[in-house]
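The values are calculated or read from the model by the stated rules, or taken from the named source; none is laboratory data. The shown structure was predicted, so the numbers you read here are calculated from the model rather than taken from an experiment. Positions of Cβ are backbone-derived with ideal geometry, glycine not excepted, and every protein chain shown enters the neighbour counts. Ligands, DNA and RNA are stripped out before the accessible areas are found, and what is left, the full protein with its side chains, is counted by its heavy atoms. Shrake-Rupley method; radii C 1.70, N 1.55, O 1.52, S 1.80 Å.
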Amino acid sequence: MRFLTRSLIAVFLAAMALGLLGLAALTVQSALQERAATDEPQRMTRERIFTARVVTIQPGEITPELAAFGEVRARRTLELRAPFAGRVIGIAPGVENGAAVSAGELLLQLDPADAQSARDLAHADLRRADAEMRDAARSLELARADLIEAEAQADLRRRAWERRRSLSERGVGTEAAIEEAELAFAAARAAVITRAQAEAQSEARLDTAETALERQRITLAEAERRLAETRITAGFDGVLSDVTVVEGGLVGGNERLAQIIDPEALEVAFRLSTAQYLRLIDAAGALIPAPGEAAIDLGGIEIASPLRLARASPAVGEGQTGRLLYAELLAPRGFRPGDFVTVRIGEPALQGVALVPATAVDATGGVLVLAEDDRLEAGQVELLRRQGDMVLIRAHGLNGREIVAARTPLLGEGIRIRPQRDEAAGLPEAPSMVTLDPDRRAALIARVHANAFMPDQVRSRILDQLEAEEVPAQLIERLDQGGRGG
(Lines give C-alpha, C1' and ligand atoms only; values in the text may rest on other atoms or scores of the structure.)
Protein backbone atom coordinates (compact mmCIF):
# COMPACT_ATOMS: atom_id res chain seq x y z
CA MET A 1 0.00 0.00 0.00
CA ARG A 2 2.85 2.32 0.89
CA PHE A 3 4.51 1.53 -2.45
CA LEU A 4 1.37 2.48 -4.40
CA THR A 5 1.07 5.80 -2.55
CA ARG A 6 4.65 6.74 -3.26
CA SER A 7 4.23 5.82 -6.93
CA LEU A 8 1.19 8.09 -7.33
CA ILE A 9 3.03 10.97 -5.64
CA ALA A 10 5.95 10.53 -8.01
CA VAL A 11 3.69 10.55 -11.05
CA PHE A 12 1.95 13.70 -9.83
CA LEU A 13 5.24 15.50 -9.25
CA ALA A 14 6.47 14.51 -12.71
CA ALA A 15 3.28 15.87 -14.32
CA MET A 16 3.66 19.13 -12.39
CA ALA A 17 7.23 19.51 -13.59
CA LEU A 18 6.28 18.95 -17.23
CA GLY A 19 3.43 21.50 -16.98
CA LEU A 20 5.74 24.15 -15.50
CA LEU A 21 8.30 23.54 -18.27
CA GLY A 22 5.57 24.00 -20.99
CA LEU A 23 4.33 27.21 -19.39
CA ALA A 24 7.85 28.58 -19.28
CA ALA A 25 8.33 27.76 -23.01
CA LEU A 26 5.13 29.59 -23.96
CA THR A 27 6.13 32.62 -21.94
CA VAL A 28 9.51 32.83 -23.65
CA GLN A 29 7.97 32.46 -27.15
CA SER A 30 5.41 35.21 -26.46
CA ALA A 31 8.11 37.54 -25.25
CA LEU A 32 10.22 36.94 -28.35
CA GLN A 33 7.29 37.63 -30.73
CA GLU A 34 6.36 40.83 -28.91
CA ARG A 35 9.93 42.08 -29.13
CA ALA A 36 10.15 41.24 -32.83
CA ALA A 37 6.94 43.17 -33.50
CA THR A 38 8.18 46.14 -31.49
CA ASP A 39 11.52 46.32 -33.33
CA GLU A 40 9.87 46.23 -36.91
CA PRO A 41 9.84 49.79 -38.49
CA GLN A 42 6.41 51.34 -39.22
CA ARG A 43 5.36 51.62 -42.94
CA MET A 44 3.96 54.89 -44.34
CA THR A 45 0.60 54.49 -46.25
CA ARG A 46 0.29 56.33 -49.61
CA GLU A 47 -2.83 57.82 -51.18
CA ARG A 48 -3.90 55.95 -54.30
CA ILE A 49 -4.32 58.14 -57.39
CA PHE A 50 -6.44 56.98 -60.35
CA THR A 51 -6.17 58.04 -63.97
CA ALA A 52 -9.43 59.25 -65.49
CA ARG A 53 -10.40 61.04 -68.69
CA VAL A 54 -12.14 64.36 -68.19
CA VAL A 55 -14.18 66.54 -70.53
CA THR A 56 -15.10 70.20 -70.29
CA ILE A 57 -18.74 71.32 -70.11
CA GLN A 58 -19.06 73.81 -72.97
CA PRO A 59 -22.68 74.99 -73.32
CA GLY A 60 -23.97 76.29 -76.63
CA GLU A 61 -26.70 75.82 -79.24
CA ILE A 62 -27.22 72.17 -80.18
CA THR A 63 -29.88 70.59 -82.39
CA PRO A 64 -30.97 67.27 -80.86
CA GLU A 65 -31.44 64.36 -83.22
CA LEU A 66 -34.37 62.02 -82.74
CA ALA A 67 -33.76 58.45 -83.91
CA ALA A 68 -36.36 55.76 -84.60
CA PHE A 69 -36.87 52.67 -86.75
CA GLY A 70 -39.47 52.48 -89.48
CA GLU A 71 -40.69 50.54 -92.49
CA VAL A 72 -40.79 51.76 -96.08
CA ARG A 73 -44.25 51.63 -97.65
CA ALA A 74 -45.63 52.46 -101.08
CA ARG A 75 -47.88 55.52 -101.25
CA ARG A 76 -49.18 54.61 -104.71
CA THR A 77 -50.13 51.00 -105.42
CA LEU A 78 -52.42 49.46 -108.03
CA GLU A 79 -53.79 45.92 -107.89
CA LEU A 80 -54.51 44.26 -111.22
CA ARG A 81 -57.58 42.06 -110.82
CA ALA A 82 -59.64 40.05 -113.30
CA PRO A 83 -62.93 41.92 -113.97
CA PHE A 84 -64.69 38.61 -114.64
CA ALA A 85 -63.91 34.93 -114.95
CA GLY A 86 -62.21 33.86 -118.13
CA ARG A 87 -59.12 32.49 -119.82
CA VAL A 88 -55.85 34.37 -120.25
CA ILE A 89 -55.03 34.21 -123.97
CA GLY A 90 -52.08 36.60 -124.02
CA ILE A 91 -49.37 38.04 -121.76
CA ALA A 92 -47.20 40.91 -122.93
CA PRO A 93 -43.42 40.30 -123.06
CA GLY A 94 -41.63 41.26 -119.87
CA VAL A 95 -44.62 40.86 -117.55
CA GLU A 96 -42.75 39.52 -114.52
CA ASN A 97 -41.80 40.52 -111.02
CA GLY A 98 -39.62 43.62 -110.96
CA ALA A 99 -40.36 44.63 -114.57
CA ALA A 100 -40.95 48.32 -115.27
CA VAL A 101 -44.21 49.23 -117.05
CA SER A 102 -45.59 52.46 -118.51
CA ALA A 103 -49.04 53.97 -118.14
CA GLY A 104 -51.48 52.50 -120.68
CA GLU A 105 -49.19 49.59 -121.61
CA LEU A 106 -51.04 46.35 -122.41
CA LEU A 107 -50.14 43.66 -119.89
CA LEU A 108 -52.73 40.87 -120.17
CA GLN A 109 -55.44 39.84 -122.62
CA LEU A 110 -58.48 37.83 -121.53
CA ASP A 111 -60.61 35.84 -123.98
CA PRO A 112 -62.98 38.46 -125.52
CA ALA A 113 -65.42 36.05 -127.27
CA ASP A 114 -68.23 36.28 -124.72
CA ALA A 115 -67.80 40.03 -124.33
CA GLN A 116 -67.91 40.53 -128.12
CA SER A 117 -71.11 38.47 -128.39
CA ALA A 118 -72.74 40.49 -125.62
CA ARG A 119 -71.66 43.71 -127.36
CA ASP A 120 -73.14 42.59 -130.70
CA LEU A 121 -76.46 41.58 -129.10
CA ALA A 122 -76.65 44.91 -127.30
CA HIS A 123 -75.98 46.70 -130.58
CA ALA A 124 -78.81 44.77 -132.30
CA ASP A 125 -81.20 45.55 -129.45
CA LEU A 126 -80.21 49.19 -129.76
CA ARG A 127 -81.15 49.27 -133.46
CA ARG A 128 -84.49 47.62 -132.67
CA ALA A 129 -85.20 50.16 -129.93
CA ASP A 130 -84.27 52.97 -132.31
CA ALA A 131 -86.74 51.65 -134.92
CA GLU A 132 -89.45 51.39 -132.27
CA MET A 133 -88.86 54.99 -131.26
CA ARG A 134 -89.09 56.20 -134.87
CA ASP A 135 -92.35 54.27 -135.34
CA ALA A 136 -93.75 55.77 -132.12
CA ALA A 137 -92.77 59.24 -133.31
CA ARG A 138 -94.60 58.73 -136.66
CA SER A 139 -97.67 57.41 -134.82
CA LEU A 140 -97.66 60.50 -132.64
CA GLU A 141 -97.53 62.76 -135.70
CA LEU A 142 -100.51 60.95 -137.27
CA ALA A 143 -102.47 61.10 -134.02
CA ARG A 144 -101.87 64.83 -133.76
CA ALA A 145 -102.97 65.35 -137.38
CA ASP A 146 -106.11 63.25 -136.76
CA LEU A 147 -106.87 65.34 -133.66
CA ILE A 148 -106.54 68.56 -135.63
CA GLU A 149 -108.90 67.22 -138.27
CA ALA A 150 -111.43 66.11 -135.62
CA GLU A 151 -111.32 69.54 -134.01
CA ALA A 152 -112.00 71.15 -137.42
CA GLN A 153 -114.99 68.83 -137.97
CA ALA A 154 -116.31 69.70 -134.53
CA ASP A 155 -115.99 73.40 -135.32
CA LEU A 156 -118.00 72.95 -138.52
CA ARG A 157 -120.72 71.01 -136.64
CA ARG A 158 -120.86 73.75 -134.00
CA ARG A 159 -121.32 76.51 -136.58
CA ALA A 160 -124.04 74.45 -138.39
CA TRP A 161 -125.86 73.94 -135.09
CA GLU A 162 -125.63 77.65 -134.24
CA ARG A 163 -126.91 78.59 -137.74
CA ARG A 164 -129.96 76.25 -137.44
CA ARG A 165 -130.74 77.68 -134.02
CA SER A 166 -130.50 81.24 -135.35
CA LEU A 167 -132.87 80.38 -138.19
CA SER A 168 -135.28 78.75 -135.74
CA GLU A 169 -135.37 81.94 -133.64
CA ARG A 170 -136.43 83.90 -136.79
CA GLY A 171 -139.16 81.30 -137.48
CA VAL A 172 -137.31 79.47 -140.25
CA GLY A 173 -136.57 75.79 -139.80
CA THR A 174 -137.86 73.04 -137.56
CA GLU A 175 -136.98 71.66 -134.18
CA ALA A 176 -136.01 68.36 -135.78
CA ALA A 177 -133.35 70.08 -137.88
CA ILE A 178 -131.96 71.82 -134.78
CA GLU A 179 -131.78 68.55 -132.86
CA GLU A 180 -130.11 66.84 -135.80
CA ALA A 181 -127.44 69.56 -135.97
CA GLU A 182 -126.93 69.40 -132.18
CA LEU A 183 -126.49 65.62 -132.30
CA ALA A 184 -123.94 65.98 -135.10
CA PHE A 185 -122.05 68.57 -133.03
CA ALA A 186 -122.05 66.22 -130.00
CA ALA A 187 -120.72 63.36 -132.14
CA ALA A 188 -117.95 65.64 -133.43
CA ARG A 189 -116.96 66.55 -129.84
CA ALA A 190 -116.84 62.86 -128.93
CA ALA A 191 -114.58 62.25 -131.93
CA VAL A 192 -112.23 65.02 -130.70
CA ILE A 193 -112.01 63.34 -127.29
CA THR A 194 -111.23 59.99 -128.93
CA ARG A 195 -108.53 61.54 -131.08
CA ALA A 196 -107.06 63.26 -127.98
CA GLN A 197 -106.89 59.90 -126.19
CA ALA A 198 -105.13 58.39 -129.23
CA GLU A 199 -102.64 61.27 -129.15
CA ALA A 200 -101.97 60.69 -125.44
CA GLN A 201 -101.40 56.98 -126.07
CA SER A 202 -98.99 57.84 -128.89
CA GLU A 203 -97.08 60.22 -126.60
CA ALA A 204 -96.86 57.51 -123.92
CA ARG A 205 -95.64 55.03 -126.51
CA LEU A 206 -92.98 57.52 -127.65
CA ASP A 207 -91.82 58.05 -124.04
CA THR A 208 -91.61 54.29 -123.53
CA ALA A 209 -89.63 53.92 -126.74
CA GLU A 210 -87.22 56.69 -125.70
CA THR A 211 -86.70 55.02 -122.31
CA ALA A 212 -86.08 51.65 -123.97
CA LEU A 213 -83.62 53.27 -126.38
CA GLU A 214 -81.73 54.90 -123.51
CA ARG A 215 -81.58 51.59 -121.64
CA GLN A 216 -80.22 49.86 -124.74
CA ARG A 217 -77.57 52.56 -125.08
CA ILE A 218 -76.55 51.94 -121.47
CA THR A 219 -76.48 48.19 -122.13
CA LEU A 220 -74.30 48.73 -125.18
CA ALA A 221 -71.93 50.99 -123.26
CA GLU A 222 -71.65 48.37 -120.51
CA ALA A 223 -70.98 45.66 -123.10
CA GLU A 224 -68.29 47.80 -124.73
CA ARG A 225 -66.74 48.52 -121.32
CA ARG A 226 -66.74 44.80 -120.52
CA LEU A 227 -65.07 44.13 -123.86
CA ALA A 228 -62.46 46.82 -123.15
CA GLU A 229 -61.79 45.23 -119.74
CA THR A 230 -60.51 42.11 -121.44
CA ARG A 231 -57.40 44.20 -122.13
CA ILE A 232 -55.68 44.77 -118.77
CA THR A 233 -53.32 47.74 -118.93
CA ALA A 234 -51.03 49.60 -116.51
CA GLY A 235 -52.67 52.53 -114.77
CA PHE A 236 -49.41 54.45 -114.21
CA ASP A 237 -45.65 54.14 -114.54
CA GLY A 238 -44.33 51.67 -112.01
CA VAL A 239 -42.84 48.25 -111.25
CA LEU A 240 -44.69 44.95 -111.34
CA SER A 241 -44.89 42.84 -108.19
CA ASP A 242 -46.60 39.58 -107.14
CA VAL A 243 -47.29 38.42 -110.71
CA THR A 244 -49.27 35.15 -110.44
CA VAL A 245 -50.92 34.77 -113.87
CA VAL A 246 -49.79 32.43 -116.66
CA GLU A 247 -50.85 32.30 -120.29
CA GLY A 248 -53.72 29.89 -120.89
CA GLY A 249 -54.75 29.82 -117.24
CA LEU A 250 -58.30 30.26 -116.00
CA VAL A 251 -58.91 33.17 -113.63
CA GLY A 252 -61.90 33.89 -111.45
CA GLY A 253 -63.80 37.11 -111.07
CA ASN A 254 -61.90 39.69 -109.02
CA GLU A 255 -58.89 37.38 -108.79
CA ARG A 256 -55.63 39.22 -108.09
CA LEU A 257 -53.24 38.93 -111.04
CA ALA A 258 -50.40 41.33 -110.20
CA GLN A 259 -49.56 44.56 -108.44
CA ILE A 260 -48.00 47.80 -109.69
CA ILE A 261 -45.91 49.88 -107.30
CA ASP A 262 -44.70 53.38 -108.00
CA PRO A 263 -41.03 53.33 -106.86
CA GLU A 264 -40.89 57.12 -106.82
CA ALA A 265 -43.79 57.48 -104.34
CA LEU A 266 -42.55 55.90 -101.11
CA GLU A 267 -43.02 56.81 -97.46
CA VAL A 268 -41.73 55.65 -94.10
CA ALA A 269 -43.99 54.64 -91.22
CA PHE A 270 -42.31 54.90 -87.81
CA ARG A 271 -43.51 55.02 -84.22
CA LEU A 272 -42.43 57.55 -81.60
CA SER A 273 -43.19 57.90 -77.94
CA THR A 274 -45.71 60.51 -76.92
CA ALA A 275 -42.96 62.71 -75.45
CA GLN A 276 -40.98 62.58 -78.70
CA TYR A 277 -44.10 63.34 -80.74
CA LEU A 278 -44.85 66.41 -78.64
CA ARG A 279 -41.43 67.82 -79.51
CA LEU A 280 -42.31 67.66 -83.25
CA ILE A 281 -45.58 69.63 -83.19
CA ASP A 282 -46.30 73.32 -82.87
CA ALA A 283 -48.79 75.12 -80.64
CA ALA A 284 -51.63 74.33 -83.05
CA GLY A 285 -50.84 70.60 -83.01
CA ALA A 286 -49.45 70.47 -86.57
CA LEU A 287 -46.18 68.74 -87.45
CA ILE A 288 -43.28 71.15 -87.74
CA PRO A 289 -41.13 71.10 -90.93
CA ALA A 290 -38.23 69.42 -89.15
CA PRO A 291 -35.32 68.23 -91.34
CA GLY A 292 -34.71 64.50 -91.38
CA GLU A 293 -33.47 61.53 -93.33
CA ALA A 294 -34.05 57.80 -93.65
CA ALA A 295 -31.09 55.45 -93.98
CA ILE A 296 -30.71 51.77 -94.73
CA ASP A 297 -27.63 49.58 -94.40
CA LEU A 298 -27.03 47.47 -97.52
CA GLY A 299 -24.07 45.16 -97.12
CA GLY A 300 -21.84 47.60 -95.30
CA ILE A 301 -22.90 50.78 -97.07
CA GLU A 302 -25.60 53.24 -96.11
CA ILE A 303 -28.17 54.64 -98.53
CA ALA A 304 -29.89 57.74 -97.23
CA SER A 305 -32.76 59.89 -98.44
CA PRO A 306 -34.09 63.16 -97.06
CA LEU A 307 -37.66 62.99 -95.86
CA ARG A 308 -40.55 65.28 -95.08
CA LEU A 309 -43.01 64.70 -92.26
CA ALA A 310 -46.38 64.14 -93.88
CA ARG A 311 -48.98 63.15 -91.31
CA ALA A 312 -49.67 61.28 -88.08
CA SER A 313 -52.01 58.37 -87.56
CA PRO A 314 -55.39 59.50 -86.17
CA ALA A 315 -55.55 56.60 -83.68
CA VAL A 316 -53.03 54.90 -81.42
CA GLY A 317 -54.17 51.37 -82.20
CA GLU A 318 -55.13 48.53 -79.93
CA GLY A 319 -52.22 47.32 -77.83
CA GLN A 320 -49.93 50.10 -79.11
CA THR A 321 -48.34 53.13 -77.47
CA GLY A 322 -46.97 56.42 -78.71
CA ARG A 323 -47.77 57.89 -82.11
CA LEU A 324 -47.42 56.45 -85.61
CA LEU A 325 -45.98 59.01 -88.06
CA TYR A 326 -45.61 58.94 -91.84
CA ALA A 327 -42.84 60.73 -93.71
CA GLU A 328 -42.47 61.09 -97.47
CA LEU A 329 -39.13 60.06 -98.98
CA LEU A 330 -37.86 62.89 -101.20
CA ALA A 331 -35.14 60.84 -102.94
CA PRO A 332 -36.32 57.21 -102.74
CA ARG A 333 -33.74 55.79 -105.16
CA GLY A 334 -32.50 52.44 -103.85
CA PHE A 335 -35.37 51.99 -101.37
CA ARG A 336 -38.07 49.34 -101.72
CA PRO A 337 -41.35 48.74 -99.85
CA GLY A 338 -40.71 46.58 -96.83
CA ASP A 339 -37.20 47.92 -96.11
CA PHE A 340 -36.37 48.37 -92.44
CA VAL A 341 -34.77 51.81 -92.13
CA THR A 342 -33.38 54.13 -89.50
CA VAL A 343 -35.14 57.50 -89.27
CA ARG A 344 -33.25 60.53 -87.97
CA ILE A 345 -35.10 63.81 -87.43
CA GLY A 346 -33.70 67.07 -86.13
CA GLU A 347 -35.62 68.57 -83.23
CA PRO A 348 -35.83 72.32 -82.49
CA ALA A 349 -32.45 73.70 -81.38
CA LEU A 350 -31.74 73.97 -77.64
CA GLN A 351 -29.83 76.91 -76.14
CA GLY A 352 -27.30 76.68 -73.32
CA VAL A 353 -26.81 72.90 -73.39
CA ALA A 354 -23.69 70.74 -73.55
CA LEU A 355 -22.97 67.39 -75.18
CA VAL A 356 -21.06 64.95 -72.93
CA PRO A 357 -20.55 61.16 -72.87
CA ALA A 358 -23.46 59.22 -71.43
CA THR A 359 -21.09 57.44 -69.01
CA ALA A 360 -20.34 60.75 -67.30
CA VAL A 361 -23.85 61.10 -65.85
CA ASP A 362 -25.54 58.64 -63.51
CA ALA A 363 -29.23 57.82 -63.37
CA THR A 364 -30.00 60.73 -61.02
CA GLY A 365 -28.05 63.34 -63.02
CA GLY A 366 -24.98 63.28 -60.81
CA VAL A 367 -21.49 63.97 -62.16
CA LEU A 368 -17.97 64.00 -60.69
CA VAL A 369 -16.46 67.47 -61.03
CA LEU A 370 -12.69 68.07 -61.04
CA ALA A 371 -11.84 70.48 -58.21
CA GLU A 372 -8.63 71.91 -56.78
CA ASP A 373 -5.68 69.60 -56.25
CA ASP A 374 -7.23 67.25 -58.84
CA ARG A 375 -9.76 65.95 -56.38
CA LEU A 376 -13.32 65.02 -57.28
CA GLU A 377 -16.43 66.55 -55.91
CA ALA A 378 -20.09 65.77 -56.56
CA GLY A 379 -22.13 67.87 -58.97
CA GLN A 380 -25.65 67.82 -60.37
CA VAL A 381 -26.81 68.45 -63.96
CA GLU A 382 -30.15 68.33 -65.76
CA LEU A 383 -30.40 65.49 -68.27
CA LEU A 384 -32.34 66.62 -71.38
CA ARG A 385 -31.78 64.11 -74.22
CA ARG A 386 -29.90 60.94 -75.01
CA GLN A 387 -28.06 60.95 -78.33
CA GLY A 388 -26.66 57.44 -78.75
CA ASP A 389 -23.51 57.28 -76.59
CA MET A 390 -23.82 60.97 -75.73
CA VAL A 391 -26.27 62.97 -73.64
CA LEU A 392 -27.44 66.57 -73.70
CA ILE A 393 -27.27 68.25 -70.33
CA ARG A 394 -27.89 71.66 -68.83
CA ALA A 395 -25.31 72.29 -66.09
CA HIS A 396 -26.29 75.14 -63.78
CA GLY A 397 -23.15 76.62 -62.22
CA LEU A 398 -20.82 74.08 -63.86
CA ASN A 399 -20.27 75.77 -67.20
CA GLY A 400 -16.60 75.56 -68.15
CA ARG A 401 -15.81 72.98 -65.42
CA GLU A 402 -14.27 69.59 -66.13
CA ILE A 403 -16.09 66.38 -65.26
CA VAL A 404 -15.12 62.71 -65.37
CA ALA A 405 -16.02 61.25 -68.76
CA ALA A 406 -16.58 57.68 -67.51
CA ARG A 407 -17.68 56.98 -63.93
CA THR A 408 -16.42 53.76 -62.30
CA PRO A 409 -17.01 52.21 -58.86
CA LEU A 410 -13.44 53.23 -57.87
CA LEU A 411 -14.13 56.93 -58.38
CA GLY A 412 -16.06 59.01 -55.92
CA GLU A 413 -16.20 62.27 -54.06
CA GLY A 414 -12.86 63.20 -52.49
CA ILE A 415 -10.82 60.83 -54.66
CA ARG A 416 -7.72 62.31 -56.25
CA ILE A 417 -7.20 61.56 -59.92
CA ARG A 418 -4.65 62.10 -62.63
CA PRO A 419 -6.78 63.87 -65.30
CA GLN A 420 -6.36 62.82 -68.92
CA ARG A 421 -7.52 65.53 -71.29
CA ASP A 422 -8.33 64.60 -74.88
CA GLU A 423 -9.00 67.67 -76.99
CA ALA A 424 -10.19 65.49 -79.88
CA ALA A 425 -12.60 63.48 -77.77
CA GLY A 426 -15.86 62.88 -79.48
CA LEU A 427 -14.48 63.74 -82.95
CA PRO A 428 -14.51 61.00 -85.58
CA GLU A 429 -11.11 59.63 -86.52
CA ALA A 430 -9.93 60.37 -90.01
CA PRO A 431 -10.03 57.26 -92.15
CA SER A 432 -6.70 55.78 -93.11
CA MET A 433 -5.88 56.19 -96.80
CA VAL A 434 -4.01 53.80 -99.07
CA THR A 435 -2.28 54.41 -102.40
CA LEU A 436 -3.10 51.66 -104.92
CA ASP A 437 -1.00 50.40 -107.78
CA PRO A 438 -2.65 50.37 -111.26
CA ASP A 439 -3.29 46.60 -111.31
CA ARG A 440 -4.89 46.57 -107.87
CA ARG A 441 -7.02 49.61 -108.74
CA ALA A 442 -8.22 48.01 -112.01
CA ALA A 443 -9.14 44.77 -110.22
CA LEU A 444 -11.25 46.61 -107.64
CA ILE A 445 -13.00 48.69 -110.32
CA ALA A 446 -13.82 45.53 -112.28
CA ARG A 447 -15.26 43.93 -109.14
CA VAL A 448 -17.54 46.92 -108.61
CA HIS A 449 -18.75 46.82 -112.23
CA ALA A 450 -19.45 43.08 -111.93
CA ASN A 451 -21.74 43.52 -108.90
CA ALA A 452 -25.23 43.54 -110.47
CA PHE A 453 -27.01 44.08 -107.14
CA MET A 454 -25.33 47.40 -106.40
CA PRO A 455 -27.50 50.51 -107.05
CA ASP A 456 -26.18 52.87 -109.70
CA GLN A 457 -25.88 55.74 -107.24
CA VAL A 458 -23.72 53.68 -104.87
CA ARG A 459 -21.62 52.29 -107.76
CA SER A 460 -20.86 55.79 -109.00
CA ARG A 461 -19.79 56.97 -105.56
CA ILE A 462 -17.49 53.96 -105.02
CA LEU A 463 -15.93 54.33 -108.47
CA ASP A 464 -15.18 57.99 -107.74
CA GLN A 465 -13.40 56.94 -104.55
CA LEU A 466 -11.43 54.21 -106.33
CA GLU A 467 -10.27 56.59 -109.06
CA ALA A 468 -8.85 59.04 -106.53
CA GLU A 469 -5.13 59.08 -105.74
CA GLU A 470 -5.69 57.73 -102.21
CA VAL A 471 -8.45 55.26 -101.36
CA PRO A 472 -9.90 54.62 -97.86
CA ALA A 473 -8.50 51.41 -96.41
CA GLN A 474 -11.93 50.49 -95.01
CA LEU A 475 -13.40 50.55 -98.54
CA ILE A 476 -10.71 48.20 -99.85
CA GLU A 477 -11.23 45.83 -96.92
CA ARG A 478 -14.98 45.61 -97.51
CA LEU A 479 -14.56 45.02 -101.24
CA ASP A 480 -12.07 42.22 -100.52
CA GLN A 481 -14.55 40.64 -98.12
CA GLY A 482 -17.23 40.54 -100.81
CA GLY A 483 -19.18 43.57 -99.60
CA ARG A 484 -20.31 46.60 -101.52
CA GLY A 485 -17.87 49.16 -100.34
CA GLY A 486 -18.10 51.78 -97.65
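Numbers at a glance
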quantity: Distance histogram for the range 349-413 (every C-alpha pair counted, 10 angstrom bins, percent rounded to whole numbers); calculated: 22, 57, 19, 2
quantity: Computed [θ] at 222 nm, helices only, for the chain once each DSSP H run of length n ≥ 4 contributes -39500 (n - 2.57); calculated: -13500 deg cm²/dmol
quantity: Cα convex hull volume per residue for the range 110-244 (Å³); calculated: 122 Å³
quantity: With eigenvalues of the C-alpha gyration tensor scaled by 5 and rooted, the range 91-151, Å; calculated: 55, 13, 5
quantity: Of all accessible heavy-atom area on the chain, the percent that carbon and sulfur account for (1.4 Å); calculated: 53 percent
quantity: More than 18 angstrom apart: percent of Cα pairs within the range 1-150; calculated: 86 percent
quantity: Assigned charges on the beta-carbon of Lys, Arg, Asp, Glu; the range 110-197 dipole about Cα centre (debye); calculated: 560 debye
quantity: Total charge dipole magnitude, the range 155-286, about the Cα centre, Cβ charges on Lys, Arg, Asp, Glu only, Debye to nearest 20; calculated: 820 debye
quantity: Value of Rg to Rh for the range 258-348 (Rh from inverse mean 1/r over Cα pairs, i.e. Kirkwood); calculated: 0.99
quantity: Test item: Cα-centred dipole of the chain, Lys/Arg +1 and Asp/Glu -1 on Cβ, debye; calculated: 1720 debye
quantity: The range 170-324 - Rg (one decimal) and Dmax (whole number), Cα, Å; calculated: 38.9, 129
quantity: Average accessible surface area per residue within the range 233-381, 1.4 Å rolling probe, Å²; calculated: 47 Å²
quantity: Rh (Kirkwood; distinct C-alpha pairs) - the range 296-352, Å; calculated: 13.9 Å
quantity: Counting all C-alpha pairs of the range 188-276, share separated by more than 18 Å (%); calculated: 74 percent
quantity: Hydrodynamic radius (Kirkwood) for the chain, which is based on Cα pairs only, to one decimal in Å; calculated: 35.4 Å
quantity: Normalised convex hull volume, the range 181-239, alpha-carbon set, Å³ per residue; calculated: 59 Å³
quantity: Environment charge at Glu151 (Cβ cut-off 14 Å; Lys +1, Arg +1, Asp -1, Glu -1); calculated: +2
quantity: Largest-first principal axis extents of the Cα set of the range 290-393 (Å); calculated: 60, 36, 27
